[in-house]
Amino acid sequence: MNYYSTNRQSPIVGFKEASIKGQAPDKGLYFPETLPQLDKEFIRSIENYSNDEIAFRVIKPYVGNEIPEEKLFRIVSETVNFPVPLVPISESISSLELFHGPTLAFKDIGARFMSRCLGYFLKNNSKKVTVLVATSGDTGGAVANGFYEVEGVEVVILYPSGKVSQVQEKQLTTLGKNIHALEVDGTFDDCQQLVKTAFMDAELNQQLFLTSANSINVARWLPQQFYYFFAYKQWLHNSPSGDKDPVISVPSGNFGNICAGILAMQTGLPVKHFIAACNANDIVSEYLETQNLQPRQAVPTLSNAMDVGNPSNFVRILEIFDHQFPELKSKLSSCTISDTETTATIREVYQQYNYVLDPHGAVGYLALQRYLADQPGQKGMVLETAHPVKFPDAVENCIGRPIEIPAAVQSIMNKEKRSVLMKADFKQLKEYLVN
Ligand SMILES: *Cc1c(COP(=O)(O)O)cnc(C)c1O
């Protein structure tokens with residue numbers, strides 16, 4: 001598969017180069033030259049395939065021959081080695097639980113696949129690779145875990161001191177080995193600015209091979225298709241009477257996740273409709289009304305992993321629909337949910353169905369509920385993108401009891417935090433990286 005840049009000013013590259021580069025030199029996003037079409041018989045009989053086999057079939061056309069089949073199969077097997085259950089909540093809404101991975105967030109899938117691909121591509125590299133990421137919480141944990149013990153790669157994570165939850169901080173700071181946490185006295189924006197400055201610093205880039213683990217990387221974006229197929233397999237199983245295709249609601253921030261789902265649909269996955277569920281950062285909702293994409297400064301909300309004022313992956317959605325607005329609008333709706341509505345939804349769904357949503361899942365749930373209210377007979381699923389224990393303050397308030405910490409996380413809670421405290425000062429960061 002070849003990839004072109006959405007800005008169309010950079011050369012075409014293969015999967016390997018696209019995943020090492022991350023972003024195209026012209027600052028566009030890499031996009032596949034053709035959309036592969038999946039075998040219809042495979043979709044019809046998807047219940048007969050294991051998740052490993054499904055993932056392999058889905059990703060193979062995008063990787064081409066740049067990773068040998070046997071190795072690619074091993075990479076996808078390791079990537080998807082945890083359950084992704086589709087759990088019914090109400091009569092018409094199910095929850096696709098994407099939080100059973102090692103860091104309890106859907107980002108585990110993309111991060112695990114990408115780290116293994118980069119590990120393979122860079123294994124004979126003479127220079128050590130340094131992955132540099134800024135995180136507001138979820139990305140850093142997934143990336144740290146994905147790259148843990150990957151040979152030839154050092155990971156440096158910048159996070160804002162005191163602004164990530166306790167579980168998130170433990171996930172960033174207790175691994176050790178090739179994972180290094182920098183606790184920045186500042187905000188997430190400060191962290192992101194430091195990382196941007198590092199990528200532009202010529203001297204630093206001469207001394208180190210720096211790369212990002214950003215969500216725009218094709219090796220993080222494309223594997224997110226996997227769980228849409230795992231969901232469909234269970235959807236068929238749960239409704240053997242041949243219920244209609246699902247409406248899928250995706251809590252969206254940078255729009256990478258939903259864009260992967262739309263890609264899956266365009267290549268053959270049966271989906272009735274997509275809903276981009278947004279918090280107050282809702283420039284896409286506005287776009288769908290006005291056809292005018294107007295980036296804004298992000299505002300903080302309870303579903304903070306979606307606090308994005310300029311969603312970078314949206315351009316890929318436009319690309320999928322060939323910039324044809326009517327076609328896009330027939331497949332994608334968007335809905336804005338406030339913080340008040342988010343907490344009310346967590347409370348109500350808990351009281352009514354005894355199901356605990358996290359704030360991101362709650363935004364998705366209410367957006368779906370509203371859509372279905374106008375579509376009698378249709379059913380849908382919400383992607384539950386994180387475990388509620390990662391956002392305990394908001395959730396415990398709503399449900400009136402503490403959330404049990406899952407066993408997978410319990411063990412890290414007692415581990416010692418190790419981080420390097422620093423000011424939001426590039427000189428300090430540079431000195432640290434060079435040494
Ligand atoms: C990252 C994240 C999102 C947003 O996903 P995008 O692909 O950026 O749209 C939603 N929920 C949670 C919990 C996340 O960590």
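The values are calculated or read from the model by the stated rules, or taken from the named source; none is laboratory data. Since this is a predicted model, take the numbers as computed values, not measurements. Here Cβ is always computed from backbone atoms with ideal geometry, including for glycine, and neighbour counts include all displayed protein chains. Calculation scope for accessible area: heavy atoms of the full protein, side chains included, ligands and nucleic acids excluded. Shrake-Rupley method; radii C 1.70, N 1.55, O 1.52, S 1.80 Å.
From the list P68, P85, P61, pick out the single residue that is without any contact (Cβ under 8 Å) to a residue 12 or more places away in the chain and surrounded by fewer than 21 Cβ atoms within 10 Å (Cβ to Cβ). The conditions single out P68. Exactly one of these conditions fails for N310: (1) over 17 Å from I258 (Cβ atoms); (2) surrounded by fewer than 17 Cβ atoms within 10 Å (Cβ to Cβ). Give me its number. Here N310 clears every test but (1).
Being part of a helix (DSSP H, G or I), surrounded by fewer than 23 Cβ atoms within 10 Å (Cβ to Cβ) and in contact with a Lys or Arg (Cβ under 7 Å, 6 or more places away or on another chain) is true of E169.
Checked against the criterion of being within 13 Å of the ligand (Cβ to nearest atom) and under 22 Å from L29 (Cα atoms), the candidates N313, N279 yield just one match: N313.
Each row is one residue, and each column tells you yes or no for (1) more than 15 Å from the ligand (Cβ to nearest atom); (2) of a type outside the set (G, A, S); (3) without any contact (Cβ under 8 Å) to a residue 60 or more places away in the chain.
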| residue | (1), (2), (3) |
| --- | --- |
| Y353 | yes, yes, no |
| V356 | no, yes, yes |
| R370 | yes, yes, yes |
| L383 | no, yes, no |
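What about S249, is it closer than 24 Å to N281 by Cβ, modelled with pLDDT under 95, within 16 Å of the ligand (Cβ to nearest atom) and not β-branched (V, I, T)? Judged against the criteria, S249 is not a match. Only a single criterion out of (1) more than 16 Å from the ligand (Cβ to nearest atom); (2) open to solvent by less than 10 Å² (accessible area, probe 1.4 Å) is not satisfied by P223, namely (1).
Residues considered: D108, D52. Of these, the only one that is outside any loop (DSSP other than H, G, I, E, B), surrounded by 14 or more Cβ atoms within 10 Å (Cβ to Cβ) and more than 16 Å from the ligand (Cβ to nearest atom) is D52.
Looking across I275, I283, I346, I320, one residue alone is in contact with a strand residue (DSSP E or B) (Cβ under 7 Å, 6 or more places away or on another chain) and crowded, with 18+ Cβ neighbours inside 10 Å. It is I275.
If you go through segment 3-32 and keep only what is of a type outside the set (G, A, S), open to solvent by less than 70 Å² (accessible area, probe 1.4 Å) and either modelled with pLDDT of 95 or more or over 21 Å from the mean Cα position of the chain (by Cα) (or both), you end up with Y3, Y4, T6, V13, F15, D26, L29, Y30, F31, P32.
Taking into account only those residues within segment 349-382 that are hydrophobic (A, V, I, L, M, F, W, C) and out of contact with any Phe, Trp or Tyr (no Cβ under 8 Å at 6 or more places or on another chain), which is surrounded by the fewest Cβ atoms within 10 Å (Cβ to Cβ)? Filtering segment 349-382 for residues that are hydrophobic (A, V, I, L, M, F, W, C) and out of contact with any Phe, Trp or Tyr (no Cβ under 8 Å at 6 or more places or on another chain), the one surrounded by the fewest Cβ atoms within 10 Å (Cβ to Cβ) comes out as A373. Considering every residue within segment 264-274, establish whether at least one is within 16 Å of the ligand (Cβ to nearest atom), part of a strand (DSSP E or B) and over 16 Å from the mean Cα position of the chain (by Cα). Within segment 264-274 (the criterion being within 16 Å of the ligand (Cβ to nearest atom), part of a strand (DSSP E or B) and over 16 Å from the mean Cα position of the chain (by Cα)), the answer is yes, since at least one residue qualifies. The set of residues in segment 22-49 that are within 16 Å of M1 (Cα to Cα) and assigned to a helix (DSSP H, G or I) is empty.
Consider segment 185-230 and keep the residues that are among the aromatic types (F, W, Y) and more than 25 Å from V315 (Cα to Cα). The one that is modelled with the lowest pLDDT is F209. Before we move on, is N257 open to solvent by 40 Å² or more (accessible area, probe 1.4 Å), outside any strand (DSSP E or B) and within 16 Å of the ligand (Cβ to nearest atom)? When the stated conditions are applied, N257 does not pass them. Cβ-Cβ distances below 7 Å connect the following pairs, each with a first residue in segment 292-309 that is without any contact (Cβ under 8 Å) to a residue 12 or more places away in the chain, a second residue that is within 15 Å of the ligand (Cβ to nearest atom) and open to solvent by less than 70 Å² (accessible area, probe 1.4 Å), and a separation of six or more residues or different chains: Q294/I283; P300/D307.
Of the listed requirements (1) open to solvent by 10 Å² or more (accessible area, probe 1.4 Å); (2) outside any loop (DSSP other than H, G, I, E, B); (3) more than 16 Å from the ligand (Cβ to nearest atom), L132 misses just one: (1). Specify the residue that is least open to solvent (accessible area, probe 1.4 Å); the eligible residues are those in segment 208-220 that are under 15 Å from G140 (Cα atoms) and assigned to a strand (DSSP E or B). Per the criteria, the residue is T211.
If you go through segment 163-215 and keep only what is within 16 Å of the ligand (Cβ to nearest atom), under 21 Å from N254 (Cβ atoms) and charged (D, E, K, R), you end up with just K163.
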